[in-house]
Amino acid sequence: MIARARYLLLTSARTRTPLAPLAITVFWVFGTFFYPNNEVGGTWGQTGVTCCALAAWLVGAILAGEPAAQAEMATTAVGGLRGRLGLEGLLVLMVAPLLALPFLGWPLLLHAFGQANVFKPPALPGDVAGAALVHICSGILGGAVAVLFAPPRITRRATATAAVLASLLVLAGLGTLAGPIAAAQAISDAPRGTVNGSELWACLTCLALAAAAFTAAAVWSRRAA
Amino acid sequence: MPVLAAHALTVARGRRIVLRDVDLTVRAGDVVHVAGANGSGKTSLLRVLAGLARPRGGELHRTGTAAFVPEHVLLAPALRPLEWLGAMRRLRGLGAVDWRAAASESGLDPAKLERPAASLSKGMLQRVALLEALHAKPALLLLDEPFSGLDTAGRDWLNAQLAHGPAALLTDHSGTVAPTERLRLSDGRCSPTSLVALLTIHASREGERVERTVRENESDAVLRGLLEAGWHVERVER
């Protein structure tokens, strides 16, 4: 597991492709929390949805930054297509908390350094826990969508980008039924300082959709490769 | 015991079936040359055998690990070969190797391992990838045109490695490889030819007779086994 994580980190650090989504993430965090008196649930609901799209972009960018030949040699080293999907799953699990961290950590850091009005009223531990769940689960779903349309399933970059965007729109279309919008709605409506059932349910739907995306990716790999 | 056994394998590239009814057995020490015209399905077959693609039909059994080196080796531009070699080694769950010494032995300047991959030539990257594959000591090496980017010294080095290495299955248009078997791909079919002479051993023990047909390179071991089991070897025919 550690060897695989190190391989992914090395690949990510040695390509330029992840720079754009990382830069956008930084600016999004600064932009969101530049203004004071943010409403806790609404703000973190919005950044949770953003996390889904950013995770899709970042995972797609990292996978696109690994040349096909390098990916093929690594795939054989990890035992074939199943090992490859495991590697991609690990990437998603690394990216989702990485993206959640600045959205949660930055406002808390500002608060700790004396900017008391980042949130009004201030965020409670329960709010942070709920927000962490929403961001990570949305991120996992976004990353899974990117994996679904990554090579060898789709090799043309433009087609993959279009497919990811279309999928994100479909997820948004699910509204409050399931997925990141449902998670955002749940965190916005949750009573202060709690993680309620709606949040947990919405997060579960995100994870279920992500699992469906991975299953589809596994089936598609067998046919497309 | 074969390291790779394929029976009635169907290989597809996208929706197109490129090979049908491929029967293939590769044993330890074999060097199998996959020959055929451009587009005959050589790379597709190697990809299936490497686990990068699933066969459309048939059975495929592989024992042990495999290493694959594609025709055009490409690493992320800023990635240093030394970093990649270490990462691949860890991915395989193997211990560290002195890559500088290994590079020297292969004729590659060790200093090149610390430069970004983008600054290395095709042949250098090819040699780096071959180094990784050979040092992984897999049961099966799958090499797509491994000689194409190598200079004369590099070709000699690789030939020497293949002669004493694990089982290898490779494509080669340069005619450099000295194979033990050849698979000729043509019109979607695959016809294997053994390039190693077959020997028939006749032996007897207490009125019982046996006849074993083996490859020349395996005959010593078989003869030794028969003699140790108390058989009298009557004759060996080519």
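Laid out as a table, the results:
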| read-out | value |
| --- | --- |
| Residue in region B:21-33 that is closer than 20 Å to A:ARG223 by Cα, among the hydroxyl-bearing types (Ser, Thr, Tyr) and either surrounded by 15 or more Cβ atoms within 10 Å (Cβ to Cβ) or away from every other protein chain (no Cβ under 14 Å) (or both) present | no |
| Cβ pairs under 7 Å, 6+ apart, first in region B:56-67 and touching a residue at least 40 places away in the same chain (Cβ under 8 Å) and away from every other protein chain (no Cβ under 11 Å), second of a type in the set (Ser, Thr, Tyr) and part of a strand (DSSP E or B) | B:GLY57/B:THR10; B:GLY58/B:THR10 |
| Near pairs, Cβ below 6 angstrom, 6+ apart or cross-chain, from region B:121-144 (more than 10 Å from chain A (Cβ to nearest Cβ)) to any residue that is among the charged types (D, E, K, R) | B:MET124/B:LYS112 |
| Residue in region B:110-126 that is more than 20 Å from the chain's Cα centre (by Cα), under 21 Å from B:ARG62 (Cβ atoms) and among the small types (Gly, Ala, Ser) present | no |
| Subset tally (residues that are more than 14 Å from chain A (Cβ to nearest Cβ) and either in contact (Cβ under 8 Å) with a residue 24 or more places away in the chain or surrounded by 14 or more Cβ atoms within 10 Å (Cβ to Cβ) (or both)) for region B:109-120 | 3 |
| Residues within region A:155-206 that are farther than 28 Å from A:LEU124 by Cα, more than 20 Å from the chain's Cα centre (by Cα) and of a type in the set (A, V, I, L, M, F, W, C), tallied | 1 |
| Test: residue in region B:75-88 that is in contact with a strand residue (DSSP E or B) (Cβ under 6 Å, 6 or more places away or on another chain), surrounded by fewer than 24 Cβ atoms within 10 Å (Cβ to Cβ) and within 14 Å of chain A (Cβ to nearest Cβ) | no |
| Test: A:ARG223 is closer than 30 Å to B:PRO55 by Cβ and without any contact (Cβ under 8 Å) to a residue 12 or more places away in the chain | yes |
| Residue among B:SER106, B:SER148 that is surrounded by fewer than 22 Cβ atoms within 10 Å (Cβ to Cβ), in contact with a Lys or Arg (Cβ under 9 Å, 6 or more places away or on another chain) and within 14 Å of chain A (Cβ to nearest Cβ) | B:SER148 |
| Within region B:44-55, considering residues that are facing chain A (nearest Cβ under 8 Å) and either buried (at least 19 other Cβ atoms within 10 Å of the Cβ) or under 19 Å from B:TRP99 (Cβ atoms) (or both), the one farthest from the chain's Cα centre (by Cα) | B:ALA53 |
| Conditions (1) of a type in the set (Phe, Trp, Tyr); (2) touching a Gly at 6+ places or on another chain (Cβ under 8 Å); (3) in contact (Cβ under 8 Å) with a residue 40 or more places away in the chain: number failed by B:TRP99 | (3) |
| Matching residues in region A:184-218 - criterion: being among the polar types (S, T, N, Q) and closer than 19 Å to A:LEU174 by Cβ | A:GLN185, A:SER188, A:SER198, A:THR205, A:THR215 |
| Near pairs, Cβ below 8 angstrom, 6+ apart or cross-chain, from region B:209-238 (on the phi > 0 side of the Ramachandran plot) to any residue that is outside any helix (DSSP H, G or I) | B:GLY230/B:ARG205 |
| Qualifying residues in region A:6-21 (those that are surrounded by fewer than 16 Cβ atoms within 10 Å (Cβ to Cβ) and more than 10 Å from chain B (Cβ to nearest Cβ)) - the one farthest from B:ALA118 (Cα to Cα) | A:ALA20 |
| So A:ARG192, is it closer than 23 Å to A:LEU93 by Cα, in contact (Cβ under 8 Å) with a residue 40 or more places away in the chain, among the charged types (D, E, K, R) and out of contact with any Gly (no Cβ under 6 Å at 6 or more places or on another chain) | no |
| Matching residues, region A:189-219, being within 14 Å of another protein chain (Cβ to nearest Cβ) and more than 22 Å from A:GLY139 (Cβ to Cβ) | A:VAL219 |
| Which listed residue, of A:ALA158, A:ALA162, A:ALA150, is outside any helix (DSSP H, G or I), under 22 Å from A:LEU19 (Cβ atoms), modelled with pLDDT under 95 and more than 14 Å from chain B (Cβ to nearest Cβ) | A:ALA150 |
| Breaking point among (1) more than 8 Å from every other protein chain (Cβ to nearest Cβ); (2) under 26 Å from B:THR171 (Cβ atoms); (3) surrounded by 15 or more Cβ atoms within 10 Å (Cβ to Cβ), for B:TRP99 | (2) |
| Per-region count, region B:68-96, residues touching a residue at least 12 places away in the same chain (Cβ under 8 Å) and either hydroxyl-bearing (Ser, Thr, Tyr) or more than 17 Å from B:PRO166 (Cβ to Cβ) (or both) | 16 |
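The values are calculated or read from the model by the stated rules, or taken from the named source; none is laboratory data. All figures in this text were calculated on a predicted structure; none of them were measured in a lab. When we count neighbours, we look across all protein chains shown, and the Cβ atoms used for this are built from the backbone with ideal geometry, even at glycine.
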